[in-house]
1. Can you tell me which residues in segment 136-157 are modelled with pLDDT of 90 or more and either among the aliphatic types (A, V, I, L, M) or within 28 Å of L19 (Cα to Cα) (or both)?
2. Any idea which of L133, L119, L125 is surrounded by 17 or more Cβ atoms within 10 Å (Cβ to Cβ), under 23 Å from A151 (Cβ atoms) and touching a helix residue (DSSP H, G or I) at 6+ places or on another chain (Cβ under 7 Å)?
3. Could you please give the count of residues in segment 136-169 that are surrounded by fewer than 19 Cβ atoms within 10 Å (Cβ to Cβ) and either basic (K, R) or in a strand (DSSP E or B) (or both)?
4. Step by step: first the residues of segment 70-90, then only those that are outside any loop (DSSP other than H, G, I, E, B) and surrounded by fewer than 19 Cβ atoms within 10 Å (Cβ to Cβ), then the one that is nearest to the chain's Cα centre (by Cα). Which residue is that?
5. Which of the residues that make up segment 91-116 are more than 14 Å from the chain's Cα centre (by Cα) and at pLDDT 95 or above?
6. Could you give me the residue pairs with C-beta distances under 8 Å whose first residue belongs to segment 87-109 and is among the basic types (K, R), whose second residue is buried (at least 22 other Cβ atoms within 10 Å of the Cβ) wherever it lies, and which are 6+ apart or on separate chains?
Amino acid sequence: MTAPETPVQSEGANRRTRLRQYQVQLLERMQAARNNAGARVNQLGVMIGQERFLLDLTQVGEIVPVPAMTEVPLTQPWYLGLANVRGNLISVIDLARYYQQSDTAIGSDSRIITFASGLGFNCGLVVARVYGLRHAGSMETSGDRLRDADANEWTPLDLAALVSDTRFLHIGF
């Protein structure tokens, strides 16, 4: 005979179920967008530091909760360390620090966005928040940024260009 669930346990279980359902829906939408299955959505919106960025879904691997990280001595301040994601060691980068802006706050909404395997780079970016899928084609262009219907500014981020940047590749002092 099991003890009845308390309201706190039940609420926690419901929250985990809703989070799981949201993650499954987001993954399905990302896969549909990658396959161009009639979806107009082709960008993943994220918050890095205090800025909103759009990532091309073909360059994104996974969205995972922030795991424990092991610091690596004598590395740049933007290199947060190594993390184990599903048995693979990845480098974790704070892109806001890399761009010499304020740090990306790590909280309950934070995630690691891993790079797609096609980029050949075991790396992930820490993001303060994932906004979900966005369609850049419906946004207004404003210089090198895009503006959505709610007047939010988004900066497209090319992960392939980032991994070919010499400064990005040199994490040591």
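The values are calculated or read from the model by the stated rules, or taken from the named source; none is laboratory data. All values derive from a computational prediction rather than experimental measurement. Methodologically, a virtual Cβ is constructed for each residue, glycine included, from the backbone with ideal geometry; neighbour enumeration extends over all protein chains shown.
1. M139, L146, D148, A149, D150, A151, N152, E153, W154, T155, P156, L157
2. The match here is L133.
3. So the answer is 9.
4. First pass over segment 70-90, keeping only residues outside any loop (DSSP other than H, G, I, E, B): 70, 75, 79-85, 88-90.
So of that shortlist, the ones also surrounded by fewer than 19 Cβ atoms within 10 Å (Cβ to Cβ) come out as 70, 75, 81-82, 84-85, 88-89.
On the way: T70: 19, T75: 22, G81: 16, L82: 16, N84: 16, V85: 14, N88: 17, L89: 17 Å.
Filtering segment 70-90 for residues that are outside any loop (DSSP other than H, G, I, E, B) and surrounded by fewer than 19 Cβ atoms within 10 Å (Cβ to Cβ), the one nearest to the chain's Cα centre (by Cα) comes out as V85.
5. The answer is R97, Y98.
6. That search, which allows pairs on different chains as well, returns R97/T104.
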